[in-house]
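The values are calculated or read from the model by the stated rules, or taken from the named source; none is laboratory data. As the structure is a computational prediction, the values presented were derived from the model and not from experiment. Cβ placement follows ideal geometry from the backbone for every residue including glycine, while neighbour counts extend to all protein chains displayed. All accessible areas refer to the heavy atoms of the entire protein, side chains included, with ligands and DNA or RNA removed. Shrake-Rupley method; radii C 1.70, N 1.55, O 1.52, S 1.80 Å.
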There are 2 protein chains.
Amino acid sequence: MAAPESASVATPYGGLSLTHSSTVDRVAEELRRAVFEGELEAGTPLREVAIADSLGVARSTVREALGLLVAEGIAVREPNRGVSVASPDPEAITDVVRARAVLEVAGVRRWASASEEAREAVRTALREYAAAVAAEASYQQLNERHLALHLSFVGLHESPRLVAMAETLIAELKVALAQIDRIRRNAHDQAGSHTHLLELLDGGDVEAAATDLEAHLADAEVAIREALFRAP
Amino acid sequence: MAAPESASVATPYGGLSLTHSSTVDRVAEELRRAVFEGELEAGTPLREVAIADSLGVARSTVREALGLLVAEGIAVREPNRGVSVASPDPEAITDVVRARAVLEVAGVRRWASASEEAREAVRTALREYAAAVAAEASYQQLNERHLALHLSFVGLHESPRLVAMAETLIAELKVALAQIDRIRRNAHDQAGSHTHLLELLDGGDVEAAATDLEAHLADAEVAIREALFRAP
DNA sequence: ATCGTCAGATTGTCGGACAATCAGTCAACG
DNA sequence: CGTTGACTGATTGTCCGACAATCTGACGAT
């Protein structure tokens, strides 16, 4: 069903794109990076003026960037008290994991009816994760790949909005993970578990894969909670 | 598990609250209202200065409010071209309905394991919807109650984040519905269908309810699409 | 028909300003 | 001794004015 080209030829410039990076975006990106890499501890207040002249931008610009972080759940704003890095409490962890479980498990259940493209995305995400594990990559690399794999499960829905939601959930989770970065989680012996999951999927046993994933998420939740809230 | 009160008595002020309404919030709320009530057609550009001195506030305040609307999917921002009311295209409708289906159906499937509180919320939502139908309430009233009912399905997850997500999805949908408000959808002969669904749930046949809901959403999608994109 | 160029409008960003609110201190008071 | 009230400094919420960069549309030149 080709769209009727308005006379003349179709333009051959379909493959071009240009990323418009506004100052606000760059500020927000820098703040995200600082949070995810643990430079900014949870609960740290993000002072507008301090950030502004630290980055050489106007306060209004910083304000707008902070609004973005708040919308993404990376930071929280208290009226007249400013915004600070979100400090994950136990309920938040539970809720995020539960929400993720809904999105990811439902995605996995769609495995059979998903597009081959989406399925292939899962496979490559797993490959890259496994490669990072084998190469004993940095903790942050592992995290990144691991979460990307989970995101690819949601991608099986082929719904941009569901993926966007999963992304903000994962962003919130990354704030928590950044806190236990130093504690050096023992995690990431999980590569095998994920491989098993994919085998189940390719073998057609979707239900087993779904329950597997659910168990994995439940495990992850208690692991994170213990690392965070059983502090010395 | 009562929290250990730090000596002395527990404060008897638990039931107090105070809603801090910033100017930004009020501006955003006014804009939402205008969009949902059809005063602002889809695609209408939201000029910062015009809104600013129309409401008697500063431009920066309006900018921040617009940022909120964009984050909620009610409006879209194009770089250097400002923000305008989101104009739903067919893909967006499909995607929103698909995402809703995932959240709502998964919620309904949790009926048995949900808290009695959440289940009761569904029942009262249905009652209020039915009452509105019986009273031949205004089109907007019906819409409001109908969507509240669907939101209560998501509430069965008892996950604040999933509910928040469903709310933004519904907000996006309301923009579309505002467009066909004038066209006076025939809809809302659906009260019976929902009552049937609840009977299935209370009877324990969760699966039947889930497939019912799925069918209902699919119907709604084509209805909306036809009303929107088969213009005279 | 395509390409410069120009004027007008609008956004993106800046800088400064001020009242309102908040956290902390500390003295006064019952 | 615990509560209250007043003071100070810091920070946010909001406003105002300004300017460069960018988009839109028209107009004329090639």
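Roughly how big is the protein assembly as shown's charge dipole about its Cα centre, with Cβ charges of +1 (Lys, Arg) and -1 (Asp, Glu), in debye to the nearest 20?
The dipole magnitude comes to about 1020 debye.
Any idea what the relative contact order of chain A is, in percent, if you count C-alpha pairs under 8 Å spaced at least 6 apart?
Reported as a whole number, the value is 23 percent.
With a 1.4 Å probe and every protein chain kept in, tell me what percent of the accessible surface of the protein assembly as shown is carbon plus sulfur.
Using a 1.4 Å probe with all protein chains present, the protein assembly as shown comes out at 54 percent carbon and sulfur.
Calculate one ³J(HN,Hα) per residue across region A:162-171 by plugging θ = phi - 60° into the Karplus curve 6.51 cos²θ - 1.76 cosθ + 1.60, and present them in order as whole Hz with x for glycine and proline.
Going residue by residue, I get 5, 5, 4, 4, 4, 5, 5, 4, 5, 4 Hz, with x marking Gly and Pro.
List the residues of region B:89-103 whose accessible area drops by at least 20 Å² when all protein chains are present, compared with their chain alone, using a 1.4 Å probe and counting only protein heavy atoms.
B:ASP95, B:ARG98, B:ALA99, B:VAL102, B:LEU103
Only helical DSSP H runs with n ≥ 4 go in: add -39500 (n - 2.57) per run for chain A, normalise by residue count and round the 222 nm mean residue ellipticity to 500 deg cm²/dmol. Working shown, then result.
Working: 9 runs with 147 residues, N = 232.
Using -39500 (n - 2.57) per qualifying helix, the result is -21000 deg cm²/dmol.
Any idea of the accessible area per residue across region A:90-229, 1.4 Å probe, to the nearest Å²?
Ligands and nucleic acids excluded, the result is 43 Å² per residue.
Which distances, shortest first and in nm, link A:THR23 to the matching position in the other copies, using label points set 7 Å out along Cα to C-beta?
Counterpart label points of A:THR23 in the remaining copies fall at 2.1 nm.
How much accessible area per residue does region A:23-85 have, counting only protein heavy atoms and a probe of 1.4 Å, in square angstrom?
53
Would you mind listing the distances between the A:ALA135 label point and the same position in each other copy? Use 7 Å along Cα-to-C-beta, nm, one decimal, shortest first.
For A:ALA135, the other copies' label points sit at 6.4 nm, shortest first.
Using a 7 Å offset from the Cα along the Cα-to-Cβ direction at both B:SER87 and A:TYR139, what is the distance between the two label points in nm, to one decimal?
Calculated label separation equals 5.0 nm.
Once you mark the GluC sites (Glu not before Pro) that are in a DSSP loop and have at most 16 other Cβ atoms within 10 Å, what is the longest gap between them in chain A?
The longest uninterrupted stretch comes out as A:137-232.
Measuring label to label, 7 Å along Cα→Cβ, what does A:GLY82 give against each other copy in nm, shortest first?
Reported distances to equivalent positions: 3.4 nm.
Report which residues of region B:148-176 become buried by 20 Å² or more of accessible surface when going from the isolated chain to the complete set of protein chains (1.4 Å probe; DNA, RNA and ligands ignored).
B:HIS157, B:SER159, B:ARG161, B:LEU162, B:MET165, B:LEU169, B:GLU172
How big a patch of accessible area, both sides summed and in Å² to the nearest 100, lies buried between A and B at a 1.4 Å probe?
On the way: alone 13280 and 13260 Å², together 24640 Å².
For chain A against chain B, roughly 1900 Å² becomes buried.
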